[in-house]
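Beneath this line is the structure, given in structure tokens, with notes to follow.
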Amino acid sequence: MLPRLQYVRSCVERFKSLSDTLRIRADMNHCLELSVRNDSCHVATLFGDLEHPTIQGAPPPAADATQRVDVRVDIRHFLKALTTSSLNPNNVVMCVVPRKAVVLHVLLHDNSFLTYYISTR
């Protein structure tokens with residue numbers, strides 16, 4: 001699960017002035033890192049203690065705590081998906097498909113949801 005979207009959006013909006021590409025790194029140790037890099041700096045924000053969602057009735061997947069996934073996406077496309085913060089969603093689940101995409105599944109209050117697919121750069 002992502003942290004509150006307002007926090008993520010605030011960070012990514014500041015990153016937008018530094019780079020067009022956002023690097024997303026996540027691991028099974030409940031951490032998420034958002035970062036940008038340009039010729040003069042490297043800036044990163046780390047979110048910890050995040051929850052891994054599970055499917056009801058299914059055992060959690062066995063995973064190596066040191067396993068990391070890394071993906072780079074267009075920062076403007078990621079920001080568009082974060083505009084759902086104005087809907088005040090219950091939860092946002094992020095799935096990172098290495099070297100392919102980021103999928104954001106936004107769960108709203110009325111049991112409806114939005115799904116965003118953001119392909120890599």
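The values are calculated or read from the model by the stated rules, or taken from the named source; none is laboratory data. All of these numbers come straight from a predicted model, not from anything done at the bench. The protein model used for the area step is the full one, side chains on, heavy atoms only, and it has no ligands, DNA or RNA in it. Shrake-Rupley method; radii C 1.70, N 1.55, O 1.52, S 1.80 Å.
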Return the sequence-ordered ³J(HN,Hα) values of the stretch 45-50 in whole Hz as given by the Karplus equation 6.51 cos²θ - 1.76 cosθ + 1.60 applied to θ = phi - 60°, using x for Gly and Pro.
10, 10, 10, x, 6, 7
Between the stretch 1-79 and the stretch 80-94, how many Å separate their Cα centres?
14 Å
Anyone know which of LEU82, LEU34, LEU108 comes out most mobile in the 10 Å Cα GNM of the chain?
LEU108
Just to verify a number: what accessible area does CYS11 come out at with the full protein assembly present, 1.4 Å probe, Å² rounded to tens?
30 Å²
In Hz, Karplus ³J(HN,Hα) per residue of the stretch 104-121 (6.51, -1.76, 1.60; θ = phi - 60°; x = Gly, Pro):
10, 10, 9, 8, 9, 5, 9, 6, 9, 8, 10, 10, 10, 10, 10, 6, 7, 8
If you compute Cα extents along the principal axes in Å for the structure shown, which of (1) 83, 31, 17; (2) 71, 35, 35; (3) 49, 34, 24 do you land on?
(3)
What accessible area per residue, rounded to a whole number of Å², is obtained for the stretch 47-121 using a probe radius of 1.4 Å?
67 Å²
Report, in deg cm²/dmol and to the nearest 500, the calculated mean residue ellipticity at 222 nm for the chain, where each DSSP H run with n ≥ 4 adds -39500 (n - 2.57) and the sum is divided by the residue count.
-4500 deg cm²/dmol
Could you go through the stretch 23-33 in sequence order and give the Karplus-derived ³J(HN,Hα) for each residue, using 6.51 cos²θ - 1.76 cosθ + 1.60 with θ = phi - 60°, rounded to whole Hz, and x for Gly and Pro?
9, 10, 10, 9, 9, 7, 9, 6, 10, 9, 10
Can you send over the carbon and sulfur percentage of the accessible area for the stretch 31-85, probe radius 1.4 Å, protein chains only?
51 percent
